[in-house]
1. Please return the ranges of helices (runs of 4 or more DSSP H) entirely within segment A:159-272 where 3 or more residues are within 30 Å of residue A:146 (Cβ to Cβ) and out of contact with any strand residue (DSSP E or B) (no Cβ under 8 Å at 6 or more places or on another chain).
2. Please specify each residue of segment B:126-151 satisfying the condition of being at the interface with chain A (Cβ under 7 Å from one of its Cβ atoms) and either part of a helix (DSSP H, G or I) or over 23 Å from residue A:51 (Cβ atoms) (or both).
3. Quick check, is residue B:180 at pLDDT below 90, more than 30 Å from residue A:83 (Cβ to Cβ), in a helix (DSSP H, G or I) and in contact with a helix residue (DSSP H, G or I) (Cβ under 9 Å, 6 or more places away or on another chain)?
4. Name every residue in segment A:35-53 that is away from chain B (no Cβ under 14 Å) and buried (at least 17 other Cβ atoms within 10 Å of the Cβ), in order of residue number.
5. Does residue B:136 satisfy the condition of being in contact (Cβ under 8 Å) with a residue 12 or more places away in the chain, out of contact with any strand residue (DSSP E or B) (no Cβ under 9 Å at 6 or more places or on another chain) and over 29 Å from residue B:109 (Cα atoms)?
6. Mind listing whichever residues of segment A:54-64 are buried (at least 20 other Cβ atoms within 10 Å of the Cβ) and part of a loop (DSSP other than H, G, I, E, B)?
7. Which of the residues belonging to segment A:65-97 are away from chain B (no Cβ under 11 Å), free of Cβ contacts under 8 Å to residues at least 40 places away in the same chain and outside any loop (DSSP other than H, G, I, E, B)?
8. Evaluate the following for residue A:100: is it outside any loop (DSSP other than H, G, I, E, B), within 14 Å of another protein chain (Cβ to nearest Cβ) and over 18 Å from residue B:118 (Cβ atoms)?
């Protein structure tokens, strides 16, 4: 038996790109896999075929030792029998049922008493007490999201599928809900697949990242690895050229956070960071890194001065991508002219400057 | 007033509507979701009674159920009765005649139900049939109600088809519209007026209730 969700299929559309997916998601230890890509990259189709809502053109989907779909043998287990939870982008709450009835909807197999009890528990744990008798149109965006999640997890699915779970919320609500969602996903202890085009969402929620473009998965690996070492230019373009490293918050003072990455400390503006966060992902866009040659001492405003050694220089169109080891791997993007003026070469020691507002912190659990 | 005819018409309309619910809902559901190419043919056949003169429909039904047709012979062999000029024959014709007034609103209502709600129900482990009962029907209810009322009212007012295949047998096939025709023929304008007025008021009341209910429901659902 295989403790994995294995997708190996194609799905052709009459007038669109063919989706061809080859992905293996280990399920022995539950993890959150993010399908990341722009709209039209086919990620929602992958989620729908996983749920059994869309058919395969060829290939198979296996979950553990079950075959969910096999185009050659015309096997397609219906969604009802896959025991999955699917959260729709706009939540798809039943408009004619109140919140309690919505959550109760998938519990038809339980005895009435038990089902009622489960609904009450879920209402409490999703902070929906007092809203049981409200109808979906009477709820705020965040409440709708929680109600839909409660309904999705009520029947205790074996696999959770989330389609852009935060995209229909306004920005401030999204910030707040993201943290809750992250906590919940880890507490559930089941494999989760999330579809998103939002980088912060991917960084905050995902353990692993699968980057999709034009119907294909370009790279699949741990979130930090994919962001740090895009396998090619396409992936780099999609995820954005970024430095992403794990760090710990050391202190937060007057809106400035000091974050430690190994032995290196960085300053960051801590706007919107809740004080009980300790683990974060530190993100620095390569465009925001300024390089100075050698031991040049300069009066400069950036808070963060990092000494490092150039590891590699790679051409990217009119730009040069420079990998620097400064206690952690840092990516910088310079124009070719700038590099020539500085005469940068592999092995040179440089000073990298990053303004505090350009050090973005994404809370992690 | 010809109470016997009124009662017969009500019975005919009631049974017709019941049968149309049973036959029309699955047909409408199929029309709402199918992607088959010959769908338009089925739609055209269902809509035919709207444009066809009732006499034409009545004539073909009469031929089809007559003692010389295989269907008519099979019915007689099975039940010992004949379909033409019987209540059952009239019922069959009424179902065909009122079909578009049930199926079209049903199909329109079912098609407006958000597909994702249905898929959400499937993903929660609820079967296709239960999903139809628990999600599709309640959400399509205003349109289904319209279909029920329209087919009831339309059957109540049918005349041409009744004359063609029902004739004018009191208590068996003499419906209220035929009765009014008879009253006018015998120059009994007073009775004809009373019966007509009753039918007019009834139709108006039923339609008013339908539209007011529909507006209420539709508005509530639109905002959700």
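The values are calculated or read from the model by the stated rules, or taken from the named source; none is laboratory data. Remember, it's a predicted structure, so these values are computed and weren't measured experimentally. Here Cβ is always computed from backbone atoms with ideal geometry, including for glycine, and neighbour counts include all displayed protein chains.
1. Details: elements: A:171-188, A:199-205, A:223-228, A:233-239.
Fully inside segment A:159-272 and qualifying: A:171-188.
2. Here is the first cut: in segment B:126-151, the ones at the interface with chain A (Cβ under 7 Å from one of its Cβ atoms) are B:126-127, B:135, B:138-139.
Those that are at the interface with chain A (Cβ under 7 Å from one of its Cβ atoms) and either part of a helix (DSSP H, G or I) or over 23 Å from residue A:51 (Cβ atoms) (or both): B:135, B:138, B:139.
3. Numbers: at pLDDT below 90: no; more than 30 Å from residue A:83 (Cβ to Cβ): yes; in a helix (DSSP H, G or I): yes; in contact with a helix residue (DSSP H, G or I) (Cβ under 9 Å, 6 or more places away or on another chain): yes.
No.
4. Kept after step one, since they are away from chain B (no Cβ under 14 Å), are these residues of segment A:35-53: A:35-43, A:46.
Hits for segment A:35-53 are A:35, A:36, A:37, A:41, A:42, A:43, A:46.
5. Details: in contact (Cβ under 8 Å) with a residue 12 or more places away in the chain: yes; out of contact with any strand residue (DSSP E or B) (no Cβ under 9 Å at 6 or more places or on another chain): yes; over 29 Å from residue B:109 (Cα atoms): no.
Criteria not met by residue B:136.
6. Applying the first criterion (buried (at least 20 other Cβ atoms within 10 Å of the Cβ)) to segment A:54-64 yields A:56, A:61, A:63.
Answer for segment A:54-64, where residues must be buried (at least 20 other Cβ atoms within 10 Å of the Cβ) and part of a loop (DSSP other than H, G, I, E, B): just A:56.
7. So in segment A:65-97, the residues away from chain B (no Cβ under 11 Å) come out as A:65-77.
Pick out the ones that are also free of Cβ contacts under 8 Å to residues at least 40 places away in the same chain and you get A:66-68, A:70, A:72-77.
Within segment A:65-97, A:66, A:67, A:68, A:70, A:75, A:76 meet the criteria.
8. Working: outside any loop (DSSP other than H, G, I, E, B): yes; within 14 Å of another protein chain (Cβ to nearest Cβ): no; over 18 Å from residue B:118 (Cβ atoms): yes.
No: the conditions fail for residue A:100.
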